[in-house]
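The values are calculated or read from the model by the stated rules, or taken from the named source; none is laboratory data. If you're wondering where the values come from, they're calculated on a predicted model, not measured in any experiment. Virtual Cβ from ideal backbone geometry, glycine too; neighbours counted across all protein chains shown.
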Amino acid sequence: MTNYAWTEWASFIVILLLGAFTAIGNSFILYVIWKHKLRSTTFKLVASQAVSDLMYGLIWAFLMKVVCATAVIGLPGGLLACEILSTLALSTFFVSVLTMMAIAIERYLKLVQPLASPRSPWIPILLTWVLGLTLAFLGMFNLRTYEFFTPTLLVELSCRTAFADYATPFIRHYVSNVALHVAGYIFPVCITAVAYYKILKIVKKRENDADLRIQRTEQKLLKEHRRRRMR
């Protein structure tokens, strides 16, 4: 049996604890939404994001260990399992980012169109999951397993993948990778930032308008009071 350094054991335990906290925390969020029957569009989107984050924690912190065991025992299919699990983890990441964008857009539309009829949450939920899974599986064709089993490193998960950087045409490698990151991360984050910026501007403007109305009302009352005293 390999004698691992204490730092390897510490890192290994931290990863497992993070996975456990991710699973427990998001499970609690889902329980609260279900227990209190929070059925609004926003809460359904939050539940969708909790599911994706829960899956990410379980896949990354626990299921990767199954790949490690596969490598140690010598069962076939470890390399394929490594890439599939990495792709699933990547898909949940994309789904989480896209869901945050959907929540921001939904909050903005709710603010600017308060009297509009309630929107169905299932369309953005379906779109975020389909697009997230599609982007991840498109990226799978550019992934390669560059380290599968390292007997001396406990924390390396025995399953490390990266975007291929060898013997790949320029178009397929650089352009596809940039497009994947732009579509799955940069673009949704920018849209989310713009939506919340507009929300803050609207809220600030309404607060200023409310303060101005209060000041005008106070001035009107003060003038009325002075007029009565002069009589």
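Is it the case that segment 172-189 has a residue that's within 30 Å of MET101 (Cβ to Cβ), modelled with pLDDT under 85 and over 26 Å from the mean Cα position of the chain (by Cα)? Let's see the steps before the verdict.
Just the residues of segment 172-189 that are within 30 Å of MET101 (Cβ to Cβ), to begin with: 172-189.
Now restrict to residues that are modelled with pLDDT under 85: 172-181.
Right, trim to over 26 Å from the mean Cα position of the chain (by Cα) and you get 172.
Checked against the condition, which is being within 30 Å of MET101 (Cβ to Cβ), modelled with pLDDT under 85 and over 26 Å from the mean Cα position of the chain (by Cα), segment 172-189 yields at least one hit.
Of the conditions (1) outside any helix (DSSP H, G or I); (2) aliphatic (A, V, I, L, M); (3) modelled with pLDDT of 85 or more, ALA193 fails just one. Which one is it?
Evaluating ALA193 over (1) outside any helix (DSSP H, G or I); (2) aliphatic (A, V, I, L, M); (3) modelled with pLDDT of 85 or more leaves (1) as the failure.
Are any residues in segment 21-49 among the small types (Gly, Ala, Ser) and farther than 20 Å from VAL95 by Cα, and if so, which ones?
Within segment 21-49, none qualify.
Evaluate segment 60-79: report whether one residue or more is in a helix (DSSP H, G or I), within 28 Å of TYR185 (Cβ to Cβ), among the basic types (Lys, Arg) and modelled with pLDDT under 80.
Scanning segment 60-79 turns up at least one residue that is in a helix (DSSP H, G or I), within 28 Å of TYR185 (Cβ to Cβ), among the basic types (Lys, Arg) and modelled with pLDDT under 80.
Which of the residues that make up segment 94-121 are surrounded by 19 or more Cβ atoms within 10 Å (Cβ to Cβ) and at pLDDT below 90?
PRO121
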